[in-house]
Amino acid sequence: MLAKELINYMIPPLKGTDDAHKAIVWMEEFRCAHLPVIEENKLLGFISEEIILEANEIDKEVKDFQLTGQNSFVKNDTHFYDILKTATDNKIQMIAVLNEDDSYAGVITVQDTLASFAQAAAVQMPGSVLVLSMSFIDYSLATISRLIEENNAKVLSSLINEDPLDNSKIRLTLKLNQEDLSRIVATLERFGYRVIGRYQESKQAPPQKERLDMLLRYLDI
């Protein structure tokens, strides 16, 4: 999924000459914490209610505020993995999309991106989740997948991130198509892999929005 396919055309940009009152009204109307500010179809940054209230100048033009998120943008052919990284790096829940000539094309919300990520990462498919901790030198998805497939299961998706408790290690999160993890865990541990989390799917699984909200809190954005 590319950035140009995730643009939310319901969220309009503010012109630099729009005043802060209009910005607040639009943020309430479109239920978003930030809005993009553009001038001559170029991104100036993002404005938020917090920025406006701190300045306490409701009639001031939005381009004259101390805008944020000037680096919170991606090109229209950016993959959604890099979109999430940009959002995380900038601590903002909205990302501008620019055309090849750097002109403004629209915005993507993190919520929309995570919804697409959830689909691509097989979140909606039945199964379970395993989390492994290991040194990067020991990481081989081919080997781990083979051990899992020997137990009549398939890896539907995988995600790697740095282990927050030990930056010399990585965490590998696997979505599997099998709910019973006991034999798989036993096999992996027999071959020296450390399983630090296992999550069987519950019949009372939370709705998609709650799952995305939990992921947002995990990413701290």
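Values in this text are rule-based calculations from the coordinates and carry no lab data. What you see is a predicted model; the values in this text were computed from it and never measured. Virtual Cβ from ideal backbone geometry, glycine too; neighbours counted across all protein chains shown.
Here is how the numbers come out for the structure above:
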read-out: The chain - share of DSSP beta bridges that are antiparallel (%, nearest 5); value: 90 percent
read-out: Relative contact order (%) - the stretch 121-201, alpha-carbon pairs under 8 angstrom, separation at least six; value: 47 percent
read-out: Calculated FRET value between residue 199 and residue 70, using beta carbons and R₀ = 45 Å, to 0.05; value: 0.70
read-out: Proximal lysines relative to residue 22, as straight alpha-carbon distance under 30 Å, when same-chain residues fewer than 8 apart are discounted; value: 4, 42, 60, 63, 75, 91, 209
read-out: Over the chain: helical MRE at 222 nm, DSSP H runs n ≥ 4 each giving -39500 (n - 2.57), nearest 500; value: -9500 deg cm²/dmol
read-out: Relative contact order of the stretch 3-117, defined on C-alpha pairs under 8 angstrom at six or more residues apart (%); value: 30 percent
read-out: Those residues of the stretch 45-70 whose amide nitrogen sits under 14 Å from the label point placed on residue 102, 7 Å along Cα→Cβ; value: 45, 70
read-out: Relative contact order, percent, the chain [alpha-carbon distance under 8 Å, six or more residues apart]; value: 18 percent
read-out: Kirkwood hydrodynamic radius of the chain, from inverse mean 1/r over distinct Cα pairs, in Å; value: 19.7 Å
